[in-house]
1. Working only within region 261-290, note down all residues that are closer than 15 Å to residue 343 by Cα, in contact (Cβ under 8 Å) with a residue 12 or more places away in the chain and out of contact with any Ser or Thr (no Cβ under 8 Å at 6 or more places or on another chain).
2. Restricting attention to region 64-78, which residues are without any contact (Cβ under 8 Å) to a residue 60 or more places away in the chain and either in a strand (DSSP E or B) or surrounded by fewer than 21 Cβ atoms within 10 Å (Cβ to Cβ) (or both)?
3. Quick test for you: out of 222, 156, pick the one residue that is under 23 Å from the mean Cα position of the chain (by Cα) and more than 23 Å from residue 145 (Cβ to Cβ).
4. Can we say residue 22 is among the basic types (Lys, Arg), in the same structural domain as residue 208 (by TED's automatic domain parsing) and in contact with a Leu (Cβ under 9 Å, 6 or more places away or on another chain)?
5. Could you tell me which of the residues 28, 50, 86 is surrounded by fewer than 16 Cβ atoms within 10 Å (Cβ to Cβ), acidic (Asp, Glu) and either touching a strand residue (DSSP E or B) at 6+ places or on another chain (Cβ under 6 Å) or within 21 Å of residue 113 (Cα to Cα) (or both)?
6. Considering only residues that are of a type in the set (Val, Ile, Thr) and surrounded by 18 or more Cβ atoms within 10 Å (Cβ to Cβ), look in region 254-303 and name the one that is nearest to residue 16 (Cα to Cα).
7. Which pairs do you get when a residue that is part of a helix (DSSP H, G or I), found in region 359-381, comes within reach of a residue that is surrounded by fewer than 15 Cβ atoms within 10 Å (Cβ to Cβ) and modelled with pLDDT of 95 or more, reach meaning Cβ atoms under 7 angstrom, with the pair 6+ apart or on two chains?
Amino acid sequence: MSAVALIPPPLSLYVHIPWCVRKCPYCDFNSHGQKGALPVDAYVDALVADLEQDLPLVWGRTVHSVFFGGGTPSLFPPEAIGRILDAAAARLRFAPAAEITLETNPGTAEHGRFEGYRAAGVNRLSFGIQSFDDGCLARLGRIHDSAEAEAAVRLAQAAGFDDINLDLMYALPGQDLTMAGRDLERAFALEPAHISHYQLTLEPNTLFFARPPAGIPEDDAAWAMQEHCQALLAAHGYVQYETSAYARAGRQCAHNLNYWRYGDYLGIGAGAHGKISQGSDGSILRRWKHRHPSTYLRDAASPARIGGDEAIAPEARPFEYVLNALRLVEGFDLGDFERRTGLSRAAIAAPLAAALARGYVERDGGRIRPTELGRRFSNDAMTLFL
């Protein structure tokens with residue numbers, strides 16, 4: 001494959017906090033149910049040690065966004081989140097007004113905590129609501145009910161947060177089209193800046209995959225829910241910019257946009273993944289940390305914390321890039337493909353021609369956008385680039 005100069009893209013920081021109150025039966029993330037008191041101070045120390053050892057990968061680069069994911073990061077008190085952010089800001093250059101997101105579970109919301117998170121530097125919250133129907137929440141194994149969800153969002157708004165995302169799922173066990181629409185209407189009443197709306201999938205290594213729950217809607221019913229809900233979101237001013245992401249004007253999630261545009265990210269914490277590009281030699285490195293919290297805590301100050309390093313071969317980059325970029329309604333620019341992969345656009349000429357011929361994408365000069373057909377059959381479109 002012919003090469004061009006690889007230019008390191010924007011950099012983000014991902015911080016993984018692996019504990020939750022109880023593991024949900026559909027969750028395939030690296031999360032562990034809380035058993036006793038959490039080792040908050042020891043884990044913060046481990047994160048700082050982990051970050052310090054990864055610094056040579058990103059010397060001199062600016063961090064444009066930070067994302068605390070999990071698990072349930074809001075199990076950690078504001079003081080701990082503040083310590084992590086202070087340590088990161090002392091070692092990395094943060095962009096002015098960098099987006100800093102904290103995932104939170106309505107079941108862990110406490111009065112006064114949101115003020116503390118704002119004081120610590122968090123400026124965006126992402127609530128794992130999933131549904132406002134108490135029956136659906138119970139079938140999903142969630143620890144909160146709809147009243148607690150609404151109250152948690154109101155508490156955050158009262159604390160001064162206006163950049164709030166609500167996670168909602170559809171095609172839930174026992175859910176029909178009317179119920180899916182009602183979930184969105186409850187969300188609209190809270191006026192969030194952003195809504196993530198995605199279909200429940202049965203992922204391997206989850207309880208739901210091993211024992212699927214009764215009442216999951218068939219594919220046609222799930223598609224009808226998706227179309228109905230997309231129309232509702234549009235009517236209420238939420239513009240779709242990614243497969244499952246909808247935002248008010250100017251409120252797209254900067255951190256997730258960086259992922260989808262094949263940006264770089266440093267990952268610290270148990271099971272955290274990172275991707276770092278090096279303009280000096282044109283290499284792209286993936287690095288991940290050991291998944292289990294106890295192993296990570298033991299090894300965080302040594303090279304043993306690394307679960308693996310993988311250099312992304314040039315022949316693997318086209319699929320990796322397109323796998324992310326075709327999730328975006330805006331698609332991608334061919335010049336951006338070259339800068340972020342270090343490859344000539346000729347590397348995707350043949351699969352791109354096939355995608356155009358099948359109507360999965362459209363081309364406007366140097367920009368490639370997925371069509372409505374391509375968004376519906378996104379897996380088929382992306383597979384062409386393997």
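1. Correct list: 278, 279, 282.
2. Listed by number, the residues that qualify are 68, 69, 70, 75, 77, 78.
3. Matching residue, one of 222, 156: 222.
4. The answer is no for residue 22.
5. Being surrounded by fewer than 16 Cβ atoms within 10 Å (Cβ to Cβ), acidic (Asp, Glu) and either touching a strand residue (DSSP E or B) at 6+ places or on another chain (Cβ under 6 Å) or within 21 Å of residue 113 (Cα to Cα) (or both) holds for just one of 28, 50, 86, which is 86.
6. Per the criteria, the residue is 268.
7. Listed pairs, sorted by first residue: 373/359.
One line per residue, one yes/no per condition, for (1) within 21 Å of the chain's Cα centre (by Cα); (2) at pLDDT 95 or above; (3) surrounded by 17 or more Cβ atoms within 10 Å (Cβ to Cβ):
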| residue | (1), (2), (3) |
| --- | --- |
| 176 | no, yes, no |
| 187 | yes, yes, yes |
| 203 | yes, no, no |
| 212 | no, no, no |
| 230 | yes, yes, no |
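The values are calculated or read from the model by the stated rules, or taken from the named source; none is laboratory data. The structure presented is a predicted model; accordingly, all values stated were derived computationally and were not measured. As a convention, Cβ positions derive from the backbone with ideal geometry for all residues, glycine included, and neighbour counts pool all protein chains shown.
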